[in-house]
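The block underneath contains the structure these notes are about, expressed in structure tokens.
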Amino acid sequence: MSAVSVLLTEKIKDIIKKTQGVEVKDLVLEHPANEKFGDFATSIAMSLAKKVEKDPWEIAQEIAGELKGADLSFESSKDHYPIFSSIEAVKPGFVNLTLSEEWLKEQITEVLEAGDKYGSSNVGQNKNIIIEYSQPNPNKPMHIGHARNNFLGSSLAQILKFVGYNVTKMNYMNDWGTHICKSMLMYQKYGNDEEPNKKSDHLVGDFYIMYEKEHGKNPESLETELAEMFKKMESGDAKTLEIWKKITEWAYKGWEETYKDENVSFDTWVYQSNYTKAGKEIVGLAIKKGIAKKDKSGAVIAKLEKYGMPDKVMLRSDGTSIYITQDTQLAKDNYEKYNFDKRIYVVDSRQSDYFRQLFKVLELLGFEWAKKLYHLAYGWVSLPEGAMSSRTGAVVNADDVFKKLNNLERDEVRNSIKEVENLDTTSRNLALAAFRYGILKIDSRQDIVFDYAKVTKFEGNTGPYLMYTYARAKSILEKAGIGEKDLEFSLKKYESIKMTDKELALVRAVYKFPEVVIEAANGFAPHVVANYLYETAQRFNSFYADTPVLNAKGDVRSCREGLVKCLSVVMKNGLGLLGIKVVEKM
RNA sequence: GCACCCGUAGUUCAGUGGAUAGAACGCAGCGUUGCGGACGCUGAGGUCGGGGGUUCGAGUCCCUCCGGGUGCACCA
């Protein structure tokens, strides 16, 4: 909540207490969707009508009347100005308030002063959040689904940091299990000690695909071999562990490049293989507490049916571990180390049941912090050319997608401009923008059909459109000789300048940025930032189309320069939160 | 069968219980002696899957049905 909405909320509560004689706990204050109804509105009169047995229209008039008489002003350079230019009661029972032009102008000063920090806040109060994302299996390259995960996780981490949380970005390696043995087994059998002559994770992926092919021919014997190999691993067989090390390190090495391309990073990497021993002990504890039981085959099963979810195997009948074995221990370990207030698991929605089970087991084990765990589920990503299948190995890997986007942007740039200074960097950054924005603008719950052609376009709701908007603004600033350096702006100086509707519309978008970031943080929803940026860009381009800046005179011109600078700040900061690097020229 | 998610314009998507449901793409037009036309402006296009309910007010909350997706024990 912005300072104005806090002030306003309190004021209205006081007025209601005074005039209606009732206390209101939750007062809803909103920005009306239609700006002709003002900048703030409350419908409290209507929800109060029944309780106080009065006509809502009468209540609204009383509230509006009191608000008009109240001191709602702000100070700038020792002068006082009204915050609102209009306060009125409307038809059924709304109270609408319109911000004054002075207050809106004052926001320009605030934006320019805050600069790179504009949009940040301290609602997180340095609380600790762990956000676990990416989690690829080191037995093949990352596919497009990982890209969505990487973008969601890394963007959300930045958003949470920006609103004042102490964030730890964690990558959890599923480096232990039969799935790794698939690539390992094939390498052992057919690899001939081969060393990578291509991106090393892709080589690992080749063996993974080989496994899937072999498995089609001869499932039973291969699965037996796989189980034997994993058993050897768990018992610490040196030769097997050597292959394990080789394969997983090739995967990690290859991913470095993918993460770099995607602008994704982590504060810490943790490995499933380090949690096996303690994980098994915690399963023992679950048995002792009566949460889990050993069945006839020897498998340990958590009984969860009475909680409305399927029972969960926590240890195989041959005594080896599975995913949840280590995951329970990891959560406990993390809590002890980080004392988190929230731990977010960014994992696709197919794992929803799994996380309900995991969280329930931890709760039953008596860990009160289990309620701080949250599964951020996201939907499936497919491509127009058809669904992908990890079974057949016909997976679209993320590197290929990026390469394709890169080529498409290169063409777009070439077709649009004759001479480009940094074609490589520009098209790479545009590809990153197209990729990240194309995925992040969609609500995480939705499935996505990722359309190369659409997301790379410079028109429409795309990353490149936002990049273009930013570059246009920067071009004006550069010609005005402003660039990165500070801009003097004061309400006093521009007090008498009457802003146009387009200018006012733009400031109205700009001042909302901090609250939009908070909304995105609270909802773990980067798409809120994305859609906001798009709307703001549209407002700027509309302003740009018929409002001269460099050709304007005197104070009008410098006032507009300030506004353009504000737009550039919001775009840069906002795109930064989405993990997109702006280009100054394109 | 049980559980979870989704269903909004031809298509892809927004839409904190509020006022006339928005945008993009596509379609039909328009705008350049002007800072980047990679833009802007106008228009057509909707019984918000169906039906009940709660509420002063429902795309939004509850119930139910239909359609689509996903998950249901020793994969991750």
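For segment A:213-226, name all the residues that are in a helix (DSSP H, G or I) and farther than 12 Å from A:Cys181 by Cα.
Narrowing segment A:213-226 to residues in a helix (DSSP H, G or I): A:213-217, A:219-226.
Scanning segment A:213-226 gives A:Lys213, A:Glu214, A:His215, A:Gly216, A:Lys217, A:Pro219, A:Glu220, A:Ser221.
Please verify whether A:Asn531 is out of contact with any helix residue (DSSP H, G or I) (no Cβ under 7 Å at 6 or more places or on another chain), more than 8 Å from RNA strand B (Cβ to nearest atom) and either at pLDDT below 95 or within 23 Å of A:Ile439 (Cα to Cα) (or both), treating the condition exactly as stated.
Numbers: out of contact with any helix residue (DSSP H, G or I) (no Cβ under 7 Å at 6 or more places or on another chain): yes; more than 8 Å from RNA strand B (Cβ to nearest atom): no; either at pLDDT below 95 or within 23 Å of A:Ile439 (Cα to Cα) (or both): yes.
Here the answer is no, as A:Asn531 does not meet what is asked.
Scan segment A:540-558 residue by residue and report those that are more than 8 Å from RNA strand B (Cβ to nearest atom) and surrounded by 13 or more Cβ atoms within 10 Å (Cβ to Cβ). Give the derivation first.
The initial filter retains those residues of segment A:540-558 that are more than 8 Å from RNA strand B (Cβ to nearest atom), namely A:540, A:553-558.
Matches in segment A:540-558: A:Phe540, A:Asp555, A:Val556, A:Arg557, A:Ser558.
Out of all the residues in segment A:166-180, is one or more outside any strand (DSSP E or B) and away from RNA strand B (no atom under 16 Å from the Cβ)? Outline the logic, then answer.
We begin by selecting, within segment A:166-180, every residue outside any strand (DSSP E or B); these are A:174-180.
Next cut, away from RNA strand B (no atom under 16 Å from the Cβ) only: none.
Taking every residue of segment A:166-180 in turn, none turns out to be outside any strand (DSSP E or B) and away from RNA strand B (no atom under 16 Å from the Cβ).
How many residues are buried (at least 17 other Cβ atoms within 10 Å of the Cβ) and more than 13 Å from A:Ala545 (Cβ to Cβ) when one looks only at segment A:493-503?
Number of matching residues: 2.
What's the number of the condition A:Gln326 fails, among (1) over 26 Å from the mean Cα position of the chain (by Cα); (2) polar (S, T, N, Q); (3) in the same structural domain as A:Tyr211 (by TED's automatic domain parsing)?
Result: A:Gln326 fails condition (3) only.
Does segment A:6-54 hold any residues that are more than 9 Å from RNA strand B (Cβ to nearest atom) and either among the β-branched types (Val, Ile, Thr) or not assigned by TED's automatic domain parsing to the domain that holds A:Glu88 (or both), and which are they? Talk me through it step by step, then tell me what you get.
Quick first cut of segment A:6-54, residues more than 9 Å from RNA strand B (Cβ to nearest atom) only: A:6-27, A:35, A:39, A:51-54.
Selection gives A:Val6, A:Thr9, A:Ile12, A:Ile15, A:Ile16, A:Thr19, A:Val22, A:Val24, A:Val52.
Is it true that some residue in segment A:182-203 is crowded, with 18+ Cβ neighbours inside 10 Å, within 16 Å of RNA strand B (Cβ to nearest atom), more than 28 Å from the chain's Cα centre (by Cα) and not aliphatic (A, V, I, L, M)?
Looking for residues that are crowded, with 18+ Cβ neighbours inside 10 Å, within 16 Å of RNA strand B (Cβ to nearest atom), more than 28 Å from the chain's Cα centre (by Cα) and not aliphatic (A, V, I, L, M), one finds at least one in segment A:182-203, hence yes.
Kindly establish whether A:Lys217 is at negative phi and modelled with pLDDT of 90 or more. Outline the logic, then answer.
Working: at negative phi: yes; modelled with pLDDT of 90 or more: no.
Against the criterion (at negative phi and modelled with pLDDT of 90 or more), A:Lys217 does not qualify.
Looking at A:Glu584, A:Glu488, which is the one that is outside any helix (DSSP H, G or I) and within 13 Å of RNA strand B (Cβ to nearest atom)?
Answer to the selection: A:Glu584.
For A:Tyr468, which of the numbered conditions (1) more than 8 Å from RNA strand B (Cβ to nearest atom); (2) in a helix (DSSP H, G or I) fails to hold?
Answer for A:Tyr468: the failing condition is (1).
The values are calculated or read from the model by the stated rules, or taken from the named source; none is laboratory data. Fair warning: this is a prediction, and the values are worked out from it, not measured in the lab. We place every Cβ from the backbone using ideal geometry, glycine too, and count neighbours over all the protein chains shown.
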